Amino acid sequence: MTDIRRIVIGQLPNGEIKRISDGIAEDIITDNARPGYKSTKIWATLCTPANFGNDAKEKSDSYPHTLIPPKSGSICRFVTFPPENEYINKVTREDVKNFYKSINSIELFSAKNLKHPYMHKNNSLDYIYVMKGSIFLILDEDQVQLNQGDTIVNLGGNHAWSNRTDSVCELFISSHSSY
């Protein structure tokens, strides 16, 4: 995935809309065990309804890059999954644990139902859109091949992503707090 340009617009006190910021999204996490993996955080909200105040950008930017949205909030990311044939038989449990630590989501590290090393369960409502490529969504009892244009509504399910192709797969993921 190339660099992602993030443009933030907001409303002035007089009701007019202006561009608050315009630049390359810089909050990026990679995974040494999966060369080519890239998670780019675009925005986080700390509550619902979202706060559009003057400090909304600063609050979003200061929220850690994570797979877990804030309580009553949301997090929006673009994720690139590389073909896994190069790493899947080399990745260790320690590698996976280190990844979840690096993305501030260690509580997702699980030793249950390991149909894939990166299997995890997040307690969030996730809207996922396949922007490019193909990927398998691995579930406890099933797996689904997804292709460009497919969407997923994940209601907190145990899952992993498996790119079994020779090309990258790019996902847009919007995760929302749930109970």
Please list, ordered by first then second residue, the pairs with beta carbon atoms under 8 Å, 6 or more apart or interchain, first in segment 154-179 and touching a residue at least 60 places away in the same chain (Cβ under 8 Å), second acidic (Asp, Glu) and crowded, with 17+ Cβ neighbours inside 10 Å. 162/84; 163/84; 164/84; 173/126; 174/126; 175/126; 176/126
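Sort out which residues of segment 27-45 are of a type outside the set (Val, Ile, Thr), touching a helix residue (DSSP H, G or I) at 6+ places or on another chain (Cβ under 9 Å) and either assigned to a strand (DSSP E or B) or surrounded by fewer than 19 Cβ atoms within 10 Å (Cβ to Cβ) (or both), and write them in order of number. It would help to see each step written out before you state the result.
First, the residues of segment 27-45 that are of a type outside the set (Val, Ile, Thr): 27, 31-39, 41, 43-44.
Narrowing the set further to residues that are touching a helix residue (DSSP H, G or I) at 6+ places or on another chain (Cβ under 9 Å) leaves 27, 31-37, 41, 43-44.
Residues satisfying the conditions are 27, 32, 33, 35, 36, 41, 43, 44.
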Among the residues of segment 57-77 satisfying the criterion of being of a type in the set (A, V, I, L, M, F, W, C) and closer than 18 Å to residue 5 by Cα, which is surrounded by the fewest Cβ atoms within 10 Å (Cβ to Cβ)? 76
Residues in segment 115-150 that are within 14 Å of the chain's Cα centre (by Cα), hydroxyl-bearing (Ser, Thr, Tyr) and not in a loop (DSSP other than H, G, I, E, B): how many? 3
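Per-residue answers, yes or no, for (1) over 30 Å from residue 47 (Cβ atoms); (2) aliphatic (A, V, I, L, M); (3) touching an Asp or Glu at 6+ places or on another chain (Cβ under 9 Å):
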| site | (1), (2), (3) |
| --- | --- |
| 71 | no, no, no |
| 88 | yes, yes, no |
| 106 | no, yes, no |
| 110 | no, no, no |
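Any read-out appearing in this document is the output of simple, stated calculations on the displayed coordinates, not a laboratory observation. Just so it is clear, the structure is predicted and the values come from calculations on it, not from any experiment. Quick reminder, even Gly has a Cβ in these numbers, built from the backbone with ideal geometry, and neighbours come from all protein chains shown.
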